[in-house]
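The numbers here are math on the coordinates, done by the rules we state, and not lab data. Please read these numbers as outputs of a predicted model, since none were measured by experiment. In this analysis, Cβ positions are derived from the backbone assuming ideal geometry, glycine residues included, and neighbour counts consider all displayed protein chains.
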There are 2 protein chains.
Amino acid sequence: MQFEITKEYIQQIQQLIAENKNTALLNLLEDLHYADVAEIIEELDTKEAIYLIKLLDSDVTSEVIAELDEDDREKILKRLSSKEIAEEIEELDTDDATDIIAELSEEQKKEVISHIEDEEHAKDIIELLRYDEDTAGGLMAKELVKVNENWNVLTCVKEMRKQAEEVTRVHSIYVVDDNDILKGRLSLKDLLTTSTKTAIKDVLIKKVDAVNVNDKAEDVARIMQKYDLEAIPVVDELGRLVGRITIDDIVDVIKEEAEKDYQLAAGITQDVEADDSIWKLTKARLPWLLIGMFGGLGAASIINGFQGAFLKFPVLLIFIPLIQATAGNVGVQSSAIVVQALANNTMKGEMANRIFKEFLLGLINGLVIASVVILISHFAFHTSFLISITVCVALITVIIMAALIGTFIPVFLEKQGIDPAVATGPFITTSNDVFGILIYFMIAKMILGF
Amino acid sequence: MQFEITKEYIQQIQQLIAENKNTALLNLLEDLHYADVAEIIEELDTKEAIYLIKLLDSDVTSEVIAELDEDDREKILKRLSSKEIAEEIEELDTDDATDIIAELSEEQKKEVISHIEDEEHAKDIIELLRYDEDTAGGLMAKELVKVNENWNVLTCVKEMRKQAEEVTRVHSIYVVDDNDILKGRLSLKDLLTTSTKTAIKDVLIKKVDAVNVNDKAEDVARIMQKYDLEAIPVVDELGRLVGRITIDDIVDVIKEEAEKDYQLAAGITQDVEADDSIWKLTKARLPWLLIGMFGGLGAASIINGFQGAFLKFPVLLIFIPLIQATAGNVGVQSSAIVVQALANNTMKGEMANRIFKEFLLGLINGLVIASVVILISHFAFHTSFLISITVCVALITVIIMAALIGTFIPVFLEKQGIDPAVATGPFITTSNDVFGILIYFMIAKMILGF
């Protein structure tokens, strides 16, 4: 069932657009899912994309626009009038509608909203615009099915049918009181099997998980994952039902979180993609390289400070890359494990135990690596006994130190309210580089006594 | 609504277990979600955990066992008889049941299955055990609601109610023909609003996305994400409906994929957690450190080969960490962007364009970094003009080379059928280290002519 876009397929569409063959285009595209149309649009140039968007039905194109990359969407919205944007917005659920409107300029926001004909929809969007996008309020949609606890099953079913028309997927039926306070939920099964005269009060399930409108998006994601929820109601400070969040939005949050950690670990600050402009990519990458550069210059000045030593024992210098690479690798490993444990809330036990464990791990890894290095460098570089000892002791010390720094820094950052994932990046590699080389020369000084 | 486990809370439970106060324990735990109970169990020792599992209802404990970490589950299952395990299995959906049974030894598998009283359940599990866990078959559950296209709405609703008792959440009602071939799906809304005598054939929605039982788990995840599906039916080679996959299982797949990439980038091969044993952590980490070590030794032998040079221009050596760190950082950045583009299927356009873009990016970053380095090293290390030029040219060359290697290797690995994420790890840092230093000395040789 996988839909595959081929070069020929795109060329065919471009040809049809160039020749204004609308009927053929509609035939070709009519059965496609909007997610597939969005993929096609991303392959076209802006003019062609606009042509298709104006040609296709707005119930498809609205979803297509919501599905596009932010950059691609911006290009297309620029070419549409406020009225045309409003028509697309009208077709979307409030959460997607709000996401799109939030990207417009203040002036255009007002214009677009004033063109939305459905007043309820406009009001809902205005409300949603107030919430930070990284909170439950920023994720939720206003579309939901809710019934009053004072109704009976019959009224409830009637009202539900009416409401369900507005809602793409009914996950849960929420029960509120006269003040809109969330009281519980209904099971579809119960509703189907209970007498129509039963009061909702008597069949509602009181246990209902809800999040507060100000809760952080990642906390909502954690809760929904942990409890395997497909939708969760959102309440305000007074406990009033104000919206609901569905799992598909949470899937995006989870993916973005994981990708952000990965990018930070790789030393990329902004959310960039391979297709972004060189300028955007440079902005995302250069700062980290500069951190690395300062680390490198720091290491340079340390080595420079030990000039006397390396003129006397030049062979010491050939092990600098080894010391540095090992320190960096160990640090990144240790911090990645801690960062993931923090992200998944699986950090358990005492800090002292963890530190001790990392110490032991570092010792084991250090001993193995040092033994191999001693053997190889004896045969390859004919290192003297004292030099071998120096390199070994330095390696073991550096590995242990890097493991401890890698463990400690993310925990420290988390406590300071900073995303610990920044620690896995070039930041930790760099500081370990500098410390590693410093330790190496200090140990060399102690053993060789220059 | 967040449930927080405190130290005091765990101590209270341990106290109650020690004193055999079952009623108090039941009172304390009865309203908890199984995911919370699982968190508590993970904090207890095995004996205490077993005590709670034997105390609580099997409809809770079965879910708790399914929720636990593999390691924790193994410890607990070891202490339960095959009959006790079978009782837990009986309560679970077939997908979770199969996952647990799959972890048992061949012998115990047979024993546990023979103790399952519900024969249908046992048969379903035996069928599911045949599928690879990384395929649609390995993810799917047998619990679903299906109706025959030849029924009318009335029969259909009756049958659905019966089937729905077995199914925790009804996502979709699937329609099959007499040979179990998937024909379409029903919308609950249509079902509620159509006359009871209407034939299912006349109301079914023919368009239904399905995956094949042998499709890869990550492809299923991609499809469900792209089309925002909450459940997808699974068909066999003949098109017969054999199961369904729900979004909560896919959330786990997505998370694991993303975490695996992150761990690989950090140089950790196995799926490990901070709480794993030192032995398991060493096995996951040491191999990558050894790769780094061989890289370090390779770099050592390159530097050793240029001994004549560095005795003549010792200042060259202080820039080794800078060259190495920069090469590593750039390589990791470039490869991370490509790995993510490959994972998200957003690699578009020609390879030549991408290479050219990385070249330009490398040039820009290289020029910026080289300028800063020239300035600083002039004042800090009083480097001569020729040395400065050497370091600059080397830096720019190394950055461009690292960017190209970082871009090329993941694409190459993907083509070979190897997970490109391995490229972002110490593997790329290491090869860039070695190449970086080689290039540095070769350029030095050209410019300084030693």
Fill in the blank from the handout: With the charge dipole of the protein assembly as shown built from beta-carbon charges (+1 for Lys and Arg, -1 for Asp and Glu) about the Cα centre, the Cα from B:Leu28, A:Asn432, A:His115 projecting farthest to the positive end belongs to A:Asn432
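Gain in length, B:Ile205 to B:Asn353, computed as 0.36 nm per residue apart minus the alpha-carbon separation, to one decimal in nm?
Values: separation 148, 0.36 × 148 = 53.28 nm, distance 4.40 nm.
Full-extension gain reported as 48.9 nm.
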Exercise for the section: Towards the positive end of the charge dipole of the protein assembly as shown, with charges on Cβ (+1 Lys, Arg; -1 Asp, Glu), say which of A:Ala102, A:Pro420, B:Val208 has the farthest Cα. Expected result: A:Pro420
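Please get the size of the charge dipole for segment B:21-161, origin at its Cα centre, with Cβ charges of +1 on Lys and Arg and -1 on Asp and Glu, quoted in debye to the nearest 20.
On the way: 16 positive and 42 negative charges, 109 e Å.
I would put it at about 520 debye.
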Exercise for the section: Read phi for every residue in segment A:363-380 and hand back ³J(HN,Hα) as whole Hz from Karplus 6.51 cos²θ - 1.76 cosθ + 1.60, θ = phi - 60°, with x for Gly and Pro. Expected result: 4, 4, 4, x, 4, 4, 5, 4, 4, 4, 4, 4, 4, 4, 6, 4, 7, 7
Exercise for the section: Starting from a label point 7 Å past Cα on the Cβ side, list the distances from A:Leu32 to the same position in the other copies, nm, shortest first. Expected result: 5.2
Completion exercise
Expected max-MSF residue from A:Gly436, A:Gly296, A:Gly417 in the GNM of chain A (alpha carbon, under 10 Å) is A:Gly417
Handout entry: B:Asp31-B:Lys312 FRET efficiency (beta carbon distance; Förster radius 60 Å; 0.05 resolution)
Key = 0.15
Problem - Nonlocal amide H pairs with A:Ile173, under 5 Å, H built at 1.01 Å - result: A:Leu186
Practice task
Please sort by residue number the trypsin sites (Lys or Arg not before Pro) in segment A:1-61 whose DSSP state is loop and whose Cβ has at most 15 other Cβ atoms within 10 Å.
Solution key: A:Lys21
Handout entry: In Hz, Karplus ³J(HN,Hα) per residue of segment B:41-56 (6.51, -1.76, 1.60; θ = phi - 60°; x = Gly, Pro)
Key = 4, 5, 8, 8, 7, 4, 4, 5, 4, 4, 4, 5, 5, 6, 7, 7
Problem - Paramagnetic reach from B:Glu111 (point 7 Å along Cα→Cβ, amide N under 16 Å) across segment B:43-81 - result: B:74-81
Exercise for the section: Could you work out how far apart the two model spin labels at A:Asn345 and A:Glu74 are, taking each label as a point 7 Å from the Cα in the direction of the beta carbon, and quote it in nm? Expected result: 3.5
Practice task
In a Gaussian network model over chain A where Cα atoms closer than 10 Å are linked, find which of A:Ser335, A:Ser62, A:Ser384 has the largest mean-square fluctuation.
Solution key: A:Ser384
Problem - Copy-to-copy label separations for A:Ile418, where each label sits 7 Å from Cα toward Cβ, in nm and ascending - result: 3.6
Problem - Label distances, nm, B:Ile355 versus same residue in remaining copies, Cβ-directed 7 Å point - result: 5.1
Exercise for the section: Just rank A:Cys392, A:Cys156, fewest to most, by other beta-carbon atoms within 10 angstrom. Expected result: A:Cys392, A:Cys156
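Step through the table entries A:Lys357/B:Lys260; A:Lys158/B:Lys201; B:Lys109/B:Lys142; A:Lys260/B:Lys260; B:Lys123/B:Lys146; A:Lys83/A:Lys110, compare each Cα-Cα distance with 21 Å, and write down the pairs that go over it.
Details: A:Lys357/B:Lys260 23 Å; A:Lys158/B:Lys201 26 Å; B:Lys109/B:Lys142 19 Å; A:Lys260/B:Lys260 14 Å; B:Lys123/B:Lys146 18 Å; A:Lys83/A:Lys110 11 Å.
Too far apart for the 21 Å limit: A:Lys357/B:Lys260; A:Lys158/B:Lys201.
I need the calculated FRET efficiency for the pair B:Asp252 and B:Leu154, taking r as the beta carbon distance and R₀ as 35 Å, to the nearest 0.05. Provide the component values of the computation, followed by the final result.
Working: r = 39 Å, r/R0 = 1.10.
Approximately 0.35, to the nearest 0.05.
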Fill in the blank from the handout: So the angle from the long Cα axis of helix B:426-448 to the longest Cα principal axis of chain B, reported in degrees to the nearest 10, equals 10
Practice task
Answer with one residue from B:Ile399, B:Ile409, B:Phe385: the one whose Cα lies farthest towards the positive end of the charge dipole of segment B:278-448, charges on Cβ with Lys, Arg +1 and Asp, Glu -1.
Solution key: B:Ile409
Handout entry: Gap separating the Cα centres of segment A:330-400 and segment B:175-221, nearest whole Å
Key = 56
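Whats the longest run of chain A with zero GluC sites (Glu not before Pro) that are DSSP loop and have at most 11 other Cβ atoms within 10 Å?
Details: sites that count: A:Glu4, A:Glu19, A:Glu30, A:Glu117, A:Glu165, A:Glu237, A:Glu350.
Segment A:238-349 is the longest.
What's the magnitude of the charge dipole for chain B around its Cα centre, counting Lys and Arg as +1 and Asp and Glu as -1 at the beta-carbon? Answer in Debye, nearest 20.
Numbers: 42 positive and 76 negative charges, 656 e Å.
Approximately 3160 debye in magnitude.
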Exercise for the section: Name the residue, out of B:Thr94, B:Thr196, B:Thr23, whose mean-square fluctuation peaks in a Gaussian network model built on chain B with Cα pairs under 10 Å. Expected result: B:Thr23
Practice task
Quantify how strongly other chains surround peptide B:306-319 by giving the mean number of their Cβ atoms within 10 Å of each of its Cβ atoms.
Solution key: 4
Handout entry: Virtual spin-label span in nm between A:Ser384 and B:Asp118, 7 Å along Cα→Cβ
Key = 7.7
Exercise for the section: Could you list the square roots of 5 times each eigenvalue of the Cα gyration tensor of the protein assembly as shown, that is, the equivalent ellipsoid semi-axes, sorted largest first and rounded to whole Å? Expected result: 54, 36, 25
Fill in the blank from the handout: From DSSP H assignment alone, runs of 4+ in the protein assembly as shown each adding -39500 (n - 2.57), the sum over residues rounded to the nearest 500 puts [θ] at 222 nm at -21000 deg cm²/dmol
Exercise for the section: Please work out which residue of chain B brings its Cβ closest to the axis of the rotation superposing B onto A, and round that distance to whole Å. Expected result: B:Ala258, 2
Completion exercise
For segment A:196-204, in residue order, the Karplus 3J(HN,Hα) values (coefficients 6.51, -1.76, 1.60; θ = phi - 60°; whole Hz; Gly and Pro = x) are 5, 8, 4, 6, 4, 3, 8, 10, 5
